[in-house]
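Peer 1: Okay, here's the structure, questions in a sec.
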Number of protein chains: 2
Amino acid sequence: MISAAKTPVPEAPSADPAEPTARQAAVLDAVLALMQEQGGQLTMTGVARRASCSKETLYKWFGDRDGLLTATVQWQASRVRAGRYDRQRRDASSLRDSLRGFAANWLSVISSATSIALNRLAITHAASQQSNLGQIVLENGRFAIGDRLKPVLEEGRAAGLLQFDDTEAAFRTFFGLAGRDVQIRLLLGDDLKLGKSEIDRDAAAATDQFLTLYGRKTPTPAAA
Amino acid sequence: MISAAKTPVPEAPSADPAEPTARQAAVLDAVLALMQEQGGQLTMTGVARRASCSKETLYKWFGDRDGLLTATVQWQASRVRAGRYDRQRRDASSLRDSLRGFAANWLSVISSATSIALNRLAITHAASQQSNLGQIVLENGRFAIGDRLKPVLEEGRAAGLLQFDDTEAAFRTFFGLAGRDVQIRLLLGDDLKLGKSEIDRDAAAATDQFLTLYGRKTPTPAAA
DNA sequence: GGAGAGCCGTACCGTACGTTACGGTTCTCT
DNA sequence: AGAGAACCGTAACGTACGGTACGGCTCTCC
């Protein structure tokens with residue numbers, strides 16, 4: 001969506017729409033900030049004022065309001081994609097640490113003001129069945145974490161630490177144990193306080209529960 | 001919100017705002033229908049046309065747009081509150097049945113078009129920090145089911161079938177195991193098919209997992 | 001240093017929609 | 001039957017906001 005390009009100008013140091021220029025990134029950050037502060041009433045005029053740019057520029061860069069919103073969601077997504085768990089030792093305690101890390105990270109994300117604002121926006125748009133913001137958010141939230149966690153689960157299984165048939169089902173169980181009612185409550189405006197200590201505690205609890213359900217009692221075939 | 005009552009007329013066969021007249025209920029049903037069909041673009045004119053009433057009447061009865069929406073949410077809530085699990089025998093299989101029933105019921109609710117539309121609406125409003133639709137939906141969804149399920153859990157504990165310290169925590173685990181990623185995916189527009197057979201299967205699986213985590217190995221103290 | 005492009009600030013336009021007003025019709029009560 | 005209230009259908013009003021146009025400033029490049 002970035003760069004509608006009426007004029008054939010070499011204005012794009014970044015060909016990829018997913019990589020806005022520094023100035024464009026500043027605009028998108030302004031959008032994110034406004035979304036968190038003002039909630040739903042996000043107007044083009046407000047964005048222009050906050051970002052100290054003209055509406056004309058907004059429309060030239062992002063096409064229309066929906067383009068701006070889409071770019072903002074992708075911009076935030078590109079940021080979150082950063083953390084990546086590399087292959088670790090295949091033992092019980094490192095698996096447990098990985099799972100705890102995933103759960104804690106997920107809880108941090110969904111309880112952040114940015115995520116709440118973004119999800120609310122995407123849900124509002126999904127209701128109007130305009131644009132595909134919902135899919136984008138899903139892709140970079142729920143499905144992205146699935147894609148990152150599933151290999152960990154399968155490694156755990158390969159190492160004899162976990163036991164399951166359906167990786168997807170196992171992941172969804174973990175997702176449920178970690179998230180529980182947190183996201184829906186926050187989206188609906190419940191002021192659930194979730195500090196770092198609570199997150200760590202809950203992540204550990206969810207991990208323990210998951211391991212109880214899917215952990216193999218005999219990690220190594222020592223029984224034979 | 002129902003009945004703004006400029007004129008001192010005995011127009012209310014129902015004094016309680018939670019109990020609209022038949023005609024008012026028809027209007028609220030029209031709102032629900034429109035919400036599901038048209039998504040977010042719910043206009044007062046559209047409601048009036050659909051309900052075959054005048055906008056003037058809408059404003060007289062519900063005050064303003066927000067009042068109409070609030071009344072609609074409460075109207076739907078009053079409907080869902082119907083099902084109620086009465087005390088059952090305190091044995092393992094009836095407990096299991098109760099839990100399965102709760103999980104299946106909850107999955108049915110959150111995957112219904114009505115619930116999705118209502119939650120989207122409430123989330124949109126929560127974003128605008130106007131009104132308290134979010135709280136109302138939470139009260140009649142997440143918290144209502146909690147209030148109904150917790151006694152069951154505590155009975156199960158009293159009967160020696162379950163083991164936990166914190167009822168709230170146990171409930172939240174059950175909630176997470178049952179719901180997993182279903183609600184957020186549906187709210188974001190993912191077209192997750194959830195038929196009766198899947199619901200029953202998933203409810204049973206969630207119940208089994210919950211019992212694995214919280215069930216007591218020795219239901220009756222037969223070991224002594 | 002002059003031409004041109006990019007951009008800021010602001011005024012402007014059109015539309016959608018919440019809200020109000022009003023004439024005409026039906027129902028109720030006496 | 002007649003008065004009055006409730007209500008329907010529709011027109012009208014005001015505003016908020018998405019989108020566009022334009023004047024002026026600055027920076028770059030020749």
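The values are calculated or read from the model by the stated rules, or taken from the named source; none is laboratory data. It should be emphasised that the depicted structure is a prediction, and the values quoted were computed from it without experimental measurement. So basically every Cβ, Gly included, is an ideal-geometry build from the backbone, and we count neighbours across all protein chains shown. Surface accessibility is based on the protein's heavy atoms, side chains included, excluding ligands, DNA and RNA. Shrake-Rupley method; radii C 1.70, N 1.55, O 1.52, S 1.80 Å.
Peer 1: Looking at segment A:123-217, what helices (runs of 4 or more DSSP H) fall wholly within it and have at least 3 residues that are within 30 Å of A:Asp66 (Cα to Cα)?
Peer 2: Numbers: elements: A:133-140, A:142-158, A:167-179, A:182-187, A:196-214.
In segment A:123-217, the matching helices (runs of 4 or more DSSP H) lie at A:133-140, A:142-158, A:182-187.
Peer 1: Just checking, which of A:Arg120, A:Arg50, A:Arg96 is more than 16 Å from DNA strand D (Cβ to nearest atom), in a helix (DSSP H, G or I) and within 30 Å of A:Lys196 (Cβ to Cβ)? Spell out the reasoning first.
Peer 2: Working: A:Arg120 fails: more than 16 Å from DNA strand D (Cβ to nearest atom); A:Arg50 fails: more than 16 Å from DNA strand D (Cβ to nearest atom).
The conditions single out A:Arg96.
Peer 1: Output the residues belonging to segment B:61-82 that are more than 9 Å from DNA strand C (Cβ to nearest atom) and either outside any helix (DSSP H, G or I) or of a type in the set (Lys, Arg) (or both).
Peer 2: B:Arg79, B:Arg81, B:Ala82
Peer 1: Would you please name the residue that is nearest to DNA strand C (Cβ to nearest atom), looking only at residues in segment B:32-60 that are within 14 Å of chain A (Cβ to nearest Cβ) and either touching a Leu at 6+ places or on another chain (Cβ under 7 Å) or among the β-branched types (Val, Ile, Thr) (or both)?
Peer 2: B:Thr43
Peer 1: Anything in segment B:176-193 that is open to solvent by 10 Å² or more (accessible area, probe 1.4 Å) and either on the phi > 0 side of the Ramachandran plot or more than 7 Å from chain A (Cβ to nearest Cβ) (or both)? List them, or say none.
Peer 2: Within segment B:176-193, the subset open to solvent by 10 Å² or more (accessible area, probe 1.4 Å) is B:180, B:183-186, B:189-193.
Scanning segment B:176-193 gives B:Arg180, B:Leu186, B:Gly189, B:Asp191, B:Leu192, B:Lys193.
Peer 1: Follow-up question, since we're still on this one. Run down B:Gln129, B:Gln163, B:Gln135 and say which single residue is open to solvent by 20 Å² or more (accessible area, probe 1.4 Å) and on the phi > 0 side of the Ramachandran plot. So that I can check it myself, show each step before the final result.
Peer 2: Numbers: B:Gln163 fails: on the phi > 0 side of the Ramachandran plot; B:Gln135 fails: on the phi > 0 side of the Ramachandran plot.
After ruling out the rest, the residue left standing is B:Gln129.
Peer 1: Starting from residues that are modelled with pLDDT under 80 and under 15 Å from B:Arg142 (Cα atoms), keep the ones in segment B:60-82 and report whichever is most open to solvent (accessible area, probe 1.4 Å). Before you say what the answer is, go through the steps one by one.
Peer 2: Taking segment B:60-82 as the starting set, the residues that turn out to be modelled with pLDDT under 80 are B:80-82.
After this cut, where a residue has to be under 15 Å from B:Arg142 (Cα atoms) as well, the list is B:80-81.
Numbers: B:Val80: 61, B:Arg81: 131 Å².
Going through the qualifying residues, I end up with B:Arg81.
Peer 1: Is segment B:14-27 home to any residue that is within 18 Å of B:Leu121 (Cβ to Cβ), at pLDDT 90 or above and more than 11 Å from DNA strand C (Cβ to nearest atom)?
Peer 2: Yes, there is a match, as at least one residue in segment B:14-27 is within 18 Å of B:Leu121 (Cβ to Cβ), at pLDDT 90 or above and more than 11 Å from DNA strand C (Cβ to nearest atom).
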